[in-house]
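The values are calculated or read from the model by the stated rules, or taken from the named source; none is laboratory data. In this text, all values refer to a predicted model and were calculated from it rather than measured experimentally. All Cβ positions, glycine included, derive from the backbone under ideal geometry; neighbour counts span all protein chains shown.
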Amino acid sequence: MGLGFPGFHPFGAQPSLRVALSEGGEEAFARAEAQAARQAQAVAQRAQAGGEVPRLMRLQSAFGLDRFELDALLIYLAPALDLRYCA
């Protein structure tokens, strides 16, 4: 599997729970991830067209964060934003 482990840990599930990806699961995940990226880009473009800069983009710019650093920050903040991410 391309994810580097035999299954994935669904958000909000018990830490010991692992779910194996079905045949074609990696491709489905990649498609869903690409669709989410397109939707996020469309939202950002609409905001910028309206003269707004999304807060996340301002944060990224203010601290000079690259994509990995921004993702790491969001993972770190997830429990504060949504309690389903708490372990």
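Does residue 35 qualify as being without any contact (Cβ under 8 Å) to a residue 12 or more places away in the chain, among the polar types (S, T, N, Q) and either surrounded by 12 or more Cβ atoms within 10 Å (Cβ to Cβ) or at positive phi (or both)? When the stated conditions are applied, residue 35 does not pass them. Within segment 8-25, none of the residues are out of contact with any Lys or Arg (no Cβ under 7 Å at 6 or more places or on another chain), assigned to a helix (DSSP H, G or I), at pLDDT 85 or above and surrounded by 11 or more Cβ atoms within 10 Å (Cβ to Cβ).
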